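Remarks on the structure that follows.
The values are calculated or read from the model by the stated rules, or taken from the named source; none is laboratory data. Quick caveat: nothing in here was measured; it's all calculated off a predicted structure. Using ideal geometry, Cβ is built from the backbone for each residue, glycine included, and neighbour counts are taken over all protein chains shown. Protein only, heavy atoms only, side chains kept; ligands, DNA and RNA dropped before computing areas. Shrake-Rupley method; radii C 1.70, N 1.55, O 1.52, S 1.80 Å.
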Amino acid sequence: MLRPIPSSVFLLAFFAAGGAAAIQPLQPLVPAPSALRIESPAVPRLPWAVTGEHGALFGTEDGAFEAWLWPIKILSRVHISAELANYPVPIDVNRLASSIQVTPAETTITYSHATFTIRQHMFAPRGAVRPITGAVVFFDIQSARPLTITFSFTPDVQRMWPAPNFGRPSAEWVKQGASGFYILHTDNPHFSAIVGMPHTQPGIMVPYQEHPQVYPLQLKLNFDPKRDRGLEFPLIMHMETGASPAAELAHIDAALPDLYKQTQQYYAHFFDSRLTAETPDRRVNEALRWAEVAVDQMQVAYHGEIGLVAGYYSSGASARPGFAWFFGRDTLWTSFAINSCGDFALTRRALDFLIRRQRADGKIMHEFSQSAAYVNWKATPYFYAEADGTPLFVMTMWDYVRASGDVAYLKKNWDAVRKAYAFTRAHDTNGIYDNSEGTGWVESWPPGMPHQEIYLASVDQQSARAMSDLAAIIGNGQLSEAAGKTADAIAAKITSEYFEPRQKFYAFSRNANGTLDHTASIFPSVAWWDGTFSLPHAGSMFSRWASSEFSTDWGARDISNRTSFYDPISYHQGSVWPLFTGWLSLAEYRTGQSLAAYTHLMQNVNLTWTEDLGSVTELLSGEFFQEFGRSTPHQMWSSAMVITPLVRGLFGLSWNAPKHTLSVDPHLPASWSNATLHHVHLGSLVLSVDYRREGGQLAVHAASQQGEKFCLAAPHVPPVCSAAPTVHIALPPVELSIPARLPLPGAKTAQLKVLDQHYWANSAAFTLAAMGGSSYVLAVRLNRAHVSVQNAVLTGKKLHIQFPPGAGYQTKTIRFTF
């Protein structure tokens, strides 16, 4: 609900003639210049979301939308039609949607007709001052003739599911001068909304004498280009607060220019302190920025708190807009990306929200609706439904402390950390946290629900290692030692109990009787997440992950397509999640499989431009390049999986702020000669990090804005400590450059795959797979002299590869000697 407006404001909003002040058209609202911008022809079926802390708009690129003032859906199914003077043909304006423009601050859909242009501008107010409304739509109209525009919509006035509601709203038109507004009444006299637009009249209003029937509500605007040229017409929505509805609308109307300016300024300065990248690839630079914006836009205000919701999608006929609830594990997986970008205040807000809802026994919450205050949420099955959020909480706290150096926050919340770790230790089987306290990852599994997943076991191991380090910082040596031994024991058990030597693959899960479910899955890749753990004997597993068995041309499937119950449109048994693609990319970077890692990273990067522009979708088909119909197109952790493998994998950053050390283990693409990261946060320090090729070495130079001393470390290189240290890292003798693009919608997997890469003292080998009979020309960077190649032709800096004939994918190993 929005805050009440002081009565003094209402007094000012009445005009002297004795009536309530009318809402007025706006003078042109001028956007701030934005370098971050996506412009595209409108594709009617594709979704968009305009979201903020207090409200949101969800729609499709034909301009139809629904509007929420958290946590209430005000209206939906907005449709626009028009009639031109002396042109007796009804015009469906939504069918004229020609283009969409998206910036962080605003989304605009343009409708183009030979006689008029209408631009539908939408923004969700952001900024330091709490806005008076949560979502705004306004229309900029240009026409060569007088024009009557009809805005039709369905009134909803419906709390987010599962809160109780009060029947279908009925509309009352309140005349106000030459115009007016609607009051949308429900069966609860204290739960009504108001909707209005300047200079409009009502449309169809079924009188009492008529047979009961339902029509959409309408706002009819008579636009005269001589009178109204240069004006903008806002659609104003508000929940009644018990004061004068007319004055409430007028107050919002008067505030809109300042709200617009405030929002534009919020995003104009958004990257003043957040991480940005300057590389030769514009897609990478922009995708990183868009991902940071997408994550930031998941913040929602709730009774004085700020939490992170998981994802957005239009609710349709329901009362739940995608995953617009507060989620525990979604927040925690995303926090690694937030820490990577240096937005430590956001991490604290997100963790605080979860800590306040930690169960007495230490378990971390899973789901919490925005309407939870209206129901007995503890009695629902959702609050603590999953098991993995609890160990992830400990991992996230350690990651936050490593990046921020904020030991005070750890000490303040030590009891929450200690209880979370104790919960995992109290619910294990054979020393490893199991699924008895909720789902690990899968919520359904055809062979039977798992007792102990390798996913959950790997998270448990990293959580124990994190607890050991956190306890050491706190000064609890006994707990630190015990947690370290637990981490070692779990690692040994995973290796001995989950690895199948004949299949050279780690099992999906372990049953209560000790037998294994050998389903080949993507989930073991989580073992490399925080950089402290790994699984031995994993080379063959990585080769299979990189092959078409798992790797589509748009991301990684969660299970092998050879599995008996593989289903490419199943939520857990064959679909592609950008989340999993991000897990795998980071694991590949950490194990030296940089080409496969780059492929998977760029698949997530390129998804930024495919559906809800600027965001990354939740899941896609495992068989064809197409998002699910129910995929949440603005999914928080999907955007996070652009950030984390890019920053921690490709750029190779890791932090130890308590020891004032930044470590780098970069894997720049062969086509890049240099790159720079701005606003790398190491505790209170803000650094720039510059990567530059110098012969056969990569020079990494970092500098502190504050001029303070810190240490820069790299593999096999002694740390260098100063206010501007430089380290030199030996480059591989041979580097390949591989394509990184998405296929056309509906395509099947057919692109080049890099199954393996190895370097030795005087040679290197790359195992590639491509469709039988295909050929490729790859750019090569040679960092050694006198290089020869087998199974390909090297011409200057180009490598020509011909794959053998045959059905499907064929493999070929290219060997270099130097």
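I need the calculated FRET efficiency for the pair Ile474 and His786, taking r as the beta carbon distance and R₀ as 51 Å, to the nearest 0.05. My answer for the efficiency is 0.35. Here segment 667-810 is assigned +1 on the Cβ of each Lys and Arg and -1 on the Cβ of each Asp and Glu. Its dipole about the Cα centre then comes out at about 360 debye. In this calculation the C-beta distance from Ser763 to His728 is compared with R0 = 22 Å, giving a FRET efficiency of 0.40. Listed peptides 286-296, 193-203 appear in the order 286-296, 193-203 once ranked by packing, highest mean of other Cβ atoms within 10 Å at the front.
Given the C-alpha centroids of segment 782-818 and segment 584-655, what is the distance between them in whole angstrom? For segment 782-818 versus segment 584-655, the Cα centre distance is 28 Å. Solvent-accessible surface of the chain, averaged per residue with a 1.4 angstrom probe and all protein chains in place: 37 square angstrom. A protection proxy built from the mean count of other Cβ atoms within 10 Å ranks the segments 688-700, 773-785, 727-739, most packed first, as 727-739, 688-700, 773-785. Each part reduced to its alpha carbon centroid, segment 122-164 and segment 242-266 end up 12 Å apart.
Computed in the context of the full set of protein chains, the accessible area of the chain at 1.4 Å probe radius has 53% of its extent on carbon or sulfur. Charges were assigned to the Cβ only: +1 to each Lys and Arg, -1 to each Asp and Glu. The resulting dipole of the chain about its Cα centre is roughly 1160 debye.
The length gained on full extension between Ala345 and Ala373, counted as 0.36 nm times the residue separation minus their Cα-Cα distance, comes to 7.5 nm.
Positive end of the dipole of the chain (Cβ unit charges, origin at the Cα centre): among Phe383, Thr608, Gln299, the Cα lying farthest that way belongs to Thr608. Think of the chain as a dipole: +1 on every Lys or Arg Cβ, -1 on every Asp or Glu Cβ, centred on the Cα centre; then among Ala32, Ala287, His786, His786 lies furthest on the positive end.
Of the peptides 507-513, 174-180, the order by per-residue mean of other Cβ atoms within 10 Å, starting with the highest, comes out as 507-513, 174-180. For segment 543-580 versus segment 303-374, the spacing of their alpha-carbon centroids is 27 Å. Distance between the modelled labels on Asp281 and Glu172, one decimal in nanometres: 6.0 nm (7 Å Cα→Cβ projection).
Each helix, a run of at least 4 DSSP H residues, gives -39500 (n - 2.57); summed and divided by the residues of the chain, these come to -7500 deg cm²/dmol at 222 nm.
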